[in-house]
Structures are given as structure tokens and as C-alpha cells.
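Every read-out reported here was derived from the displayed coordinates using simple, explicitly stated rules and does not represent laboratory data. These numbers were taken from a predicted model, which means no experiment stands behind them. As a convention, Cβ positions derive from the backbone with ideal geometry for all residues, glycine included, and neighbour counts pool all protein chains shown.
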Amino acid sequence: MSVAASPAVLRPRRLRLNPTLRRMVRETTLTPADFILPLFVRYGRVQRAPISSMPGQFQLTVDQLAAEACEIADLGIPAVILFGIPAEKDAAGSDNYNPDGIVPQAIRAIKDAAPELIVISDMCFCEYTDHGHCGLINRPGEAHYHAHLPEGYLLNDPTRDLLARASAVHAQAGADIIAPSGMVDGMVAAIRAGLDGEGFEHVSIMSYAVKYASGFYGPFREAAESPPAFGDRSQYQMDPANRREALKEAALDVAEGADLLIVKPALPYLDILAALRERHRLPLAAYQVSGEYAMLHAAAANGWIDLRRCALESLISIKRAGADMILTYFAKDAARWVLEG
């Protein structure tokens, strides 16, 4: 008499039995090559000024960059992105397009110390302007004043022209990638034309294609000394409620010639990251911003979470959602953690 076979019991836990099995079936992994480290650079000498809201992060003077760059490269981190803090600010953010400005100086110092390190120049004006907005502002009496636009409005096309000018200056200093972050319409096309016109066809554009007007940027404003003097940046950065608009913005930047795309912030917008991954074949980055970093540190300082475990969990979620690379202040710590296993 035959015995009917019993139905199979589905046991996914078989593959979680021990650490080796779990590593064998792991779908997503982190390596130091996934990370891009943001650096804040300022004028002066022999300064490594702590940023109070971002533990472990500093404003560095140019003379500190050689050792920093070598440490970063030795960890296997392939790239840095630079944010400059000028000695003086003005309405046009002129330090940003000064060939001897803080970021061109920083680019040259890093390239001299670690030529293999990819240097990305964050291309915006908020750190450089006396009003803290990301370009030229509509003001009566100014050369670009537009009577039909509100006072204080960020002027799109004049700002776009300045972005192209500054991008060529940073490329001349040795930047490998220009990363426009102001959400200015047509910025990618203008920068591409500006770079190509100066013989920098080989320099890539990593566009902040999707940058939300987020509350998670708070600590960055201290780090870059860039809070807006009035209002906020909602007239040019995206509404956090919008998803379809993000797809449109990214498609426009792809059409204009972007080589890589960024979503910023990361963790609150993993759905956007995943949607872009499905639609575009360009390399895709996500920026784990200052507020994400600061919250994890604050919770760990209170004994509420394990910093290493939660930071790595956050980073793996970003990569799992579709990021090929992650801009993160955890880059050096995370590189050490993943190398330790």
C-alpha cells in the first residue's frame, strides 16, 4: 500500500542557519568602493575645525587635505565631493568662479597628494553668496532685475550662466566630475556646453537630478555656513510630496547629457531611488545627508542604538533600493567596518 507524499514544508530559515550560509545567499553587499566622502574646505592654515552637529566631521584648511586624501584613498574609497567655505561672500558668490578660490585650491591639493582619487566639485552658490541662496537673486537695482518676478526670487538663466562659468574653472583646476546641486532649470545642458566650449569634454556631470526641499539638511547649514538669509529654498528644490515630478526632473537631466544622477536625501526617498533605478541606466547615487548622519549619532550617544549596526543597515538599504554609489559622512567609518567584516 503506497503512502501519499506529504506536502513540502516551506522553510526559508534553512538558509539563515549560520553566518556562512547567510553570507552565501546575501543579495546586497557594501564595499569601500560604494562610498563618496563629502569634505568641507575653508581658508586658513592648520585648521581641522569640528562641526558640532556632525560628530567626526570637520572643516579643513587646504594644508590638511594631503593627509586626508591619502587616508581616504588607502581605505579604498574612490571619490570625494568638495564644499567650499569662502573667506568673504557677495551677492554673486564670486569665490566659486575664482581660479584661486577655495575649491580650486582644494582640488589641486588633493590631486597632488592622491592623483587616483576622483574629485567631485559640488556646483552650487549657497555657500558663497551673502544671501545664502543658490544663485543670483532678483533685487531692484541689480543688473539682472526682472520686474515681473518676485523680489528674492532665484533667477534661473543668469544663475545657469554662472554655473557654467564656475564649472569650467573647477575643471581647469583638475576636477573629474562637476555635480550641480541647485535644481536650476537647464543647468546640465548649460554646464555641458560650458565645459565642452573650454575643452573639457572629458569631465563628467553628476547631476543632483532629484533634490528635495528637506528638513534633513539642518546640520549641513552649520558645516557649510550656508543658511539662507531669508525664506527657504522651496522655490527651486522639490516638494517632498512629489514623486512624478522627480521622474520628470531626472528624465530632463538625462536628455541634457548628465552622466550620473543623484537623489538627495536618501533614506526618506528610497521609493524615488528605486523608481529611477527602474527607468534609467545611468549610474545612480544617493546622498545620505547631514540630518540622517546626525540622527544616528545622536541616538547612539544616548545609548538607544548601536551606531555601527544601524549606520550599516541604513547604507545597505540605500544600495538595495538601487544606488550604485552613496555620498555619506560615514564613508571612512563604513569602509573600516565592512573591511573588518
Task: Counting DSSP beta bridges with both ends in the chain, the antiparallel % (nearest 5) - done: 10 percent
TODO: For the range 175-268, state which chymotrypsin sites (Phe, Trp or Tyr not before Pro) are in a DSSP loop and have at most 15 other beta carbons lying within 10 Å of their beta carbon.
DONE: F230
- [ ] Any lysines with Cα under 17 Å of the K264 Cα? List them, leaving off those in the same chain fewer than 8 positions away.
- [x] K211, K248, K319
Open item on the list: Place a point 7 Å from the Cα of D100 along the Cα-to-Cβ direction; which residues of the range 41-60 have their backbone N under 18 Å from it?
Closed with: 42-45
TODO: May I ask you to compute the full-extension gain from R14 to R281, defined as 0.36 nm times their residue separation minus their alpha-carbon distance, rounded to one decimal in nm?
DONE: 92.6 nm
Task: Among A67, A91, A258: highest mean-square fluctuation, GNM of the chain, C-alpha pairs under 10 Å - done: A67
Task: J(HN,Hα) series, the range 23-36, from Karplus relation 6.51 cos²θ - 1.76 cosθ + 1.60, nearest Hz, glycine and proline x - done: 5, 4, 9, 5, 8, 10, 10, 10, 9, x, 5, 7, 9, 10
TODO: At 7 Å along the Cα-to-beta-carbon direction for both D232 and L307, put a label point, then send me their distance in nm to one decimal.
DONE: 2.9 nm
- [ ] Would you list which aspartates and glutamates come within 12 Å of K332, measuring only between C-alpha atoms, while excluding same-chain residues fewer than 8 positions from it?
- [x] D34, E68, E71, D74
Task: Between 0 and 90°, nearest 10: helix 244-256 axis offset from the chain longest Cα axis - done: 60 degrees
Task: Q47 versus D196: modelled label distance in nm, points set 7 Å from Cα along the beta carbon direction - done: 4.0 nm
Open item on the list: What is the angle, in °, between the Cα long axis of helix 290-301 and the longest principal axis of the Cα atoms in the chain? Nearest 10 is fine, range 0 to 90.
Closed with: 50 degrees
TODO: Could you compute the FRET efficiency for H148 and E88, with r as their C-beta to C-beta distance and R0 at 30 Å, rounded to 0.05?
DONE: 0.40
Open item on the list: Below 8 Å between Cα atoms, with a sequence gap of 6+, how large is the relative contact order for the chain in percent?
Closed with: 18 percent
- [ ] Report ³J(HN,Hα) in whole Hz for each residue of the range 310-315, in order, from the Karplus equation J = 6.51 cos²θ - 1.76 cosθ + 1.60 where θ = phi - 60°; Gly and Pro get x.
- [x] 6, 5, 5, 5, 5, 5
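Per DSSP H run of n ≥ 4, the term is -39500 (n - 2.57); total these for the chain, divide by its residue number, and report the mean residue ellipticity at 222 nm rounded to 500 deg cm²/dmol.
On the way: 11 runs with 123 residues, N = 341.
The per-residue figure over the chain is -11000 deg cm²/dmol.
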TODO: Only Lys, Arg, Asp and Glu count, each charged at its Cβ (+1, +1, -1, -1), so figure out the dipole size of the chain about its Cα centre, rounded to 20 debye.
DONE: 1880 debye
Open item on the list: Per-residue counts of other Cβ atoms within 10 Å, averaged by peptide: what ranking do you get for 57-66, 298-307, 98-107, highest first?
Closed with: 98-107, 57-66, 298-307
Open item on the list: Could you order the peptides 242-251, 278-287 from most to least packed, using the average number of other C-beta atoms within 10 Å per residue?
Closed with: 278-287, 242-251
